[in-house]
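Engineer: Quick one: this structure, given as C-alpha cells, is what I'll be asking you about.
The values are calculated or read from the model by the stated rules, or taken from the named source; none is laboratory data. Fair warning: this is a prediction, and the values are worked out from it, not measured in the lab. Because the Cβ atoms are built from the backbone with ideal geometry, glycine has one as well, and the counts that use them run over all protein chains shown.
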Amino acid sequence: MIDNHSLPEEEPVSLAWQRFVEFLLGLLLLAGSLFMVHHYLPQPANNLNDQVHQLSQQLDQLRQEQSMPVTVLNRYRDSICFVFGVYQVGFPNQRPSLRARISGTGFVVTEGLLATNRHVAEPWYGDTEAEGLIRQGAKPELQRLVAFFPGFSTPVVVTPAALSVQGDLAILKVHDSQAVNRLRPLPLAEQPSDPGELVAVVGYPMGVLGMVAKSPAPVYERLAYRRDDIGAANELAALSLIRPSATCGHLGDVVGDKLIYDATTAHGASGGPVFNSRGQVIGVNAAYIDGFSGGTLGVSVSALRPLILAAQRKSMIKNASSKD
C-alpha cells in the first residue's frame, strides 16, 4: 500500500509561499493607499481659508468694477459741469473774421477751480482757421465762458486761471462763492493706472443737443430744433436737466502723460474726468479718433497737478495784491 507521504511535507512550503505573496500584496496595497492619501487628502484648513479669502477679494473687485460708473455718477455728478463759451477772432476796426461757440466739460479739482481742456478754456487753441488768422495779426477774444452745474438753476461765470503750454489742459476759476461752497472736489489718483484697467468717462457728449435728446418728450419737442444753444441750456438748467453721461471701456495704453482707451465719446465731452475702477480720476478726456473705436485720448492727472498748483499760486498772489 502506497501512501503519499510527501504531501504533508510539501504543504508547509506552499502555505509559506502563499502567505509571503499575500504579505507582499498587502504591503503594496498599503503603500498605494498611503500615496493616495498623501495626494488626495483635503488640504489643511489654513490653505482653504486663504483660497476662500482670495476668491472673496476677486469677487469684491469684480462687483466694485461693475458698479463703478453708477457710483461715480451718484457721488460726483454735481461737480461735473457743462461748459459753454463764445469767442471771436478779428482784426482791429473790422468785423470779426471768425465767431464761434464752444462746448465742453469741466470738473472740480479743488476749491473754486475746475479742470478742463485748453481748447475749451481757450477755444482758438488747435483751431486751424483761428490760428491762421492770429498769425496774420488778428486778435482772439473770449466773449463769454460759463459753467452749468447739475443742481444749479443758472450758470456761473468761469475764467481761465492757468493754461498748459505743453498739452491740452487748463484750469478755470469759478466766480461764484455760493457755488464754490457747494461743489465737491473729485479725488485724483495717486498711482498711475495699468493697461487693461476698467475706466469710465463722464461728460456732456454732443453738448446741449445730447442733453435735449435724453430730456422728457415735452421738453425735447420744444428744444430739439432751437438754434440758440445758450437759451436751451438755460432752460435745461431751470428744469434740473443738466445731467452728465458716463461711458465705460478699458485703458488700452499709457504713453507718457497720454492715456488711450476705448470708452466712446463725442465733442462736448472734452475736459471730462476719466475714472479708474476705484472711482479716482486718472485723466482728463481730450479727443477721439474718428473711425477707431479704441482711439479715445486723455491726458494724465500727473500733468494736471502742476497746473493746479500754478493756478493756486496765481490766485494767492492776486488776493495778496488786492489787500495791499
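Engineer: Test GLY132 against the criterion of being in contact (Cβ under 8 Å) with a residue 40 or more places away in the chain, surrounded by fewer than 14 Cβ atoms within 10 Å (Cβ to Cβ) and not polar (S, T, N, Q), and give yes or no.
Structural biologist: Values: in contact (Cβ under 8 Å) with a residue 40 or more places away in the chain: no; surrounded by fewer than 14 Cβ atoms within 10 Å (Cβ to Cβ): yes; not polar (S, T, N, Q): yes.
No, not satisfied.
Engineer: What tally of residues in segment 102-117 results from selecting those that are over 19 Å from ARG313 (Cα atoms) and either β-branched (Val, Ile, Thr) or touching a Phe, Trp or Tyr at 6+ places or on another chain (Cβ under 6 Å) (or both)?
Structural biologist: 3
Engineer: I've got another one for you. How many residues does segment 61-98 contain that are modelled with pLDDT under 95 and of a type in the set (A, V, I, L, M, F, W, C)?
Structural biologist: 5
Engineer: Scan (1) over 22 Å from SER79 (Cα atoms); (2) crowded, with 23+ Cβ neighbours inside 10 Å; (3) β-branched (Val, Ile, Thr) for the single condition VAL109 breaks and write down its number.
Structural biologist: The number of the failed condition is (1).
Engineer: Of all strands (runs of 3 or more DSSP E) completely enclosed by segment 82-177, which ones contain at least 1 residues that are closer than 16 Å to HIS267 by Cβ, in contact with a helix residue (DSSP H, G or I) (Cβ under 7 Å, 6 or more places away or on another chain) and of a type outside the set (Gly, Ala, Ser)?
Structural biologist: So the answer is 98-110.
Engineer: Can you say whether ASP168 is touching a Gly at 6+ places or on another chain (Cβ under 8 Å), surrounded by 17 or more Cβ atoms within 10 Å (Cβ to Cβ) and either more than 29 Å from CYS248 (Cβ to Cβ) or not small (Gly, Ala, Ser) (or both), as far as the supplied structure shows? Step through it out loud before you land on a result.
Structural biologist: Values: touching a Gly at 6+ places or on another chain (Cβ under 8 Å): yes; surrounded by 17 or more Cβ atoms within 10 Å (Cβ to Cβ): yes; either more than 29 Å from CYS248 (Cβ to Cβ) or not small (Gly, Ala, Ser) (or both): yes.
Answer is yes for this residue.
Engineer: From the set of residues in segment 188-205 that are closer than 20 Å to ARG75 by Cα and of a type in the set (Gly, Ala, Ser), which is surrounded by the most Cβ atoms within 10 Å (Cβ to Cβ)?
Structural biologist: GLY203
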